[in-house]
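The block underneath contains the structure these notes are about, expressed in structure tokens.
Coordinate-derived values only; no laboratory data. In this text, all values refer to a predicted model and were calculated from it rather than measured experimentally. Cβ placement follows ideal geometry from the backbone for every residue including glycine, while neighbour counts extend to all protein chains displayed.
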Amino acid sequence: MKYKKQKSTRRNINFFRVQCGFREPFRVIIDGNFLHALLEAKLGGPREILPKFLGATTVKPYVTRCVLAELRSLGEDFTGTALAARRIETMRCNHLKPVSPSECLCSLVGENNGDCFFIATQQQELREKLLKVPNVPILFACRTSLNLEPPSEVQKRLCTEREVQQKTVPQHELKAAPLRTLLESAETNSRKRKKVKGVNPLACKKKKADSEPMEVKVQAAEGKQKRKRQRGKHKESGLNADLAAAVEAKPL
Ligand SMILES: [Zn+2]
């Protein structure tokens, strides 16, 4: 069972590596309740457990100022977690006034997680929301180990579409353009290619070389056949030369 889980985790991480371009060091943004769950289950600190779980040599865990603010506001039960969070590197977010961690994490991920963040959270609602965003691997803790959400159907579909675009859109355009623009660009390119296919240079050449009208060719072919047949008939029937000449002189 444990082996099966490891295998599926590795396969899911490979999906994000290959399809979405995730590279080490993996950057994992952690929210307060995930960190609290790690400490409660005594699974170890994020710096120890994350590289082991993700099969990576370098993993950088982060919290945000909004996550720290929430932990401070939760009271004595979360004092230990708040202290542990302060030892983790803080990622800058654009919130001068702290917002809820879920809002903060969503703003960092943006439309398509261009910065390749892993998100570690226990909030079911946030996990469901992020599964609809392309390129977001989601981690959560259970009593005995960590888990990685398998890529959702939406994420798989978006990756497949992106793969199609990479084949049709030039690399420099791909780096600069957002996902929707790329989709449109890919469609336009495919249309253009179809137009090019319509003009077949080989077909043009054939036409030039074969300029004789078809009707003339058919008539010529028929004439040859008829003449041959007539000659054959003359020989078989034994007609004299004059009669054969007269037959040949007949209009076709
Ligand atoms: Zn924030």
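Before moving on, here are some points about what is shown:
- Taking label points 7 Å from Cα along the Cα-to-Cβ direction, residue 72 and residue 142 give a separation of 3.6 nm.
- Distance (nanometres) between label positions extended 7 Å along Cα→Cβ at residue 94 and residue 124: 3.2
- For residue 28, the residues whose modelled amide H falls within less than 5 Å of its own, excluding neighbours fewer than 5 places apart on the same chain, are 60, 62, 118.
- In sequence order, the range 33-44 has phi-based couplings of 6, 5, 4, 4, 5, 4, 5, 4, 7, 6, 7, x Hz under the Karplus curve 6.51 cos²θ - 1.76 cosθ + 1.60, θ = phi - 60°, and Gly or Pro positions carry x.
- DSSP beta bridges in the range 2-151 [antiparallel fraction, %, rounded to 5]: 20
- Value of Rg/Rh across the range 88-164 [Cα atoms, Kirkwood radius]: 0.99
- Residues residue 65 and residue 157, FRET efficiency given R0 of 51 Å [Cβ-Cβ distance, rounded to 0.05]: 0.90
- The range 51-138: trypsin sites (Lys or Arg not before Pro) in DSSP loop, at most 16 other beta carbons within 10 Å: 87, 92, 132
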